[in-house]
1. For the range 83-116, how many residues are farther than 21 Å from Arg66 by Cα and assigned to a loop (DSSP other than H, G, I, E, B)?
2. Restricting the search to the range 125-148, which residues are under 15 Å from Leu49 (Cα atoms) and either part of a strand (DSSP E or B) or touching a residue at least 40 places away in the same chain (Cβ under 8 Å) (or both)?
3. Just wondering, is there one or more residues in the range 79-86 that are among the small types (Gly, Ala, Ser), on the phi < 0 side of the Ramachandran plot and in contact with a Pro (Cβ under 7 Å, 6 or more places away or on another chain)?
4. Looking at the range 56-106 only, could you name the residues that are loosely packed, with under 15 Cβ neighbours inside 10 Å, in contact (Cβ under 8 Å) with a residue 24 or more places away in the chain and within 15 Å of Tyr128 (Cβ to Cβ)?
5. Tell me, yes or no, whether the range 46-56 has at least one residue that is in a strand (DSSP E or B), modelled with pLDDT of 95 or more and more than 30 Å from Glu124 (Cβ to Cβ).
Amino acid sequence: MSFSKKARWIIYPPIIVVIVYLVFTQKQDYRDPSQQDYDSRIELETRALTAQTSDQIPIRLQIKNRGKKSWRSVDEYPCFLSYHLYLRDNYRTVSFENQRFPLPQTVEPGETIDMEITLQAPIEAKSYIIVFDMVREGQAWFHEYGSRKGIIRLDVTERK
């Protein structure tokens, strides 16, 4: 084997490793421009709540449409506010698919709306995390495209 053939066996593997490293470590923008209607920001009035089991809990939110398309709750693929419920101590999912809250109006790009919703506290006295997210039915949860979720800690105690 000539020197040039030996050199290829020595040089090619490191070059391939470097190329693979560069391809997979480059900061990638996973947000496809065609999906920019999934760009929302959810702000909450409070970060922590306490309730008794099965209480009705009023929650005020602000939702901003940071995307390029309007949102409607009456559409072929309607948009809703919803939430995921997790246990606080180990972040285990209690329920992922929950009630859908219709938007009070069409939300245009750049527009912010105020919403007040009512949740029912879980029946078990534990500490929970509620993660609010927008969903376009049949399409996607907005957090999958990098949207900012709203998060509240909920401590539920036994009913007295």
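1. In the first step, residues of the range 83-116 are kept if they are farther than 21 Å from Arg66 by Cα; the result is 84-99.
Cutting the leftovers down to assigned to a loop (DSSP other than H, G, I, E, B) gives us 88-92, 96-99.
Counting residues in the range 83-116 that are farther than 21 Å from Arg66 by Cα and assigned to a loop (DSSP other than H, G, I, E, B) gives 9.
2. Just the residues of the range 125-148 that are under 15 Å from Leu49 (Cα atoms), to begin with: 125-132.
Those that are under 15 Å from Leu49 (Cα atoms) and either part of a strand (DSSP E or B) or touching a residue at least 40 places away in the same chain (Cβ under 8 Å) (or both): Ala125, Ser127, Tyr128, Ile129, Ile130, Val131, Phe132.
3. Filtering the range 79-86 for residues among the small types (Gly, Ala, Ser) gives 82.
Cutting the leftovers down to on the phi < 0 side of the Ramachandran plot gives us 82.
Filter once more, keeping what is in contact with a Pro (Cβ under 7 Å, 6 or more places away or on another chain): none.
So far as the range 79-86 goes, no, none of its residues is among the small types (Gly, Ala, Ser), on the phi < 0 side of the Ramachandran plot and in contact with a Pro (Cβ under 7 Å, 6 or more places away or on another chain).
4. Of everything in the range 56-106, those that are loosely packed, with under 15 Cβ neighbours inside 10 Å, in contact (Cβ under 8 Å) with a residue 24 or more places away in the chain and within 15 Å of Tyr128 (Cβ to Cβ) turn out to be Arg88, Asp89, Tyr91.
5. No; the residues of the range 46-56 include none that is in a strand (DSSP E or B), modelled with pLDDT of 95 or more and more than 30 Å from Glu124 (Cβ to Cβ).
The values are calculated or read from the model by the stated rules, or taken from the named source; none is laboratory data. Note that the structure is predicted; figures quoted are calculated from it, not measured. Cβ atoms come from the backbone with ideal geometry, glycine included; neighbour counts cover every protein chain shown.
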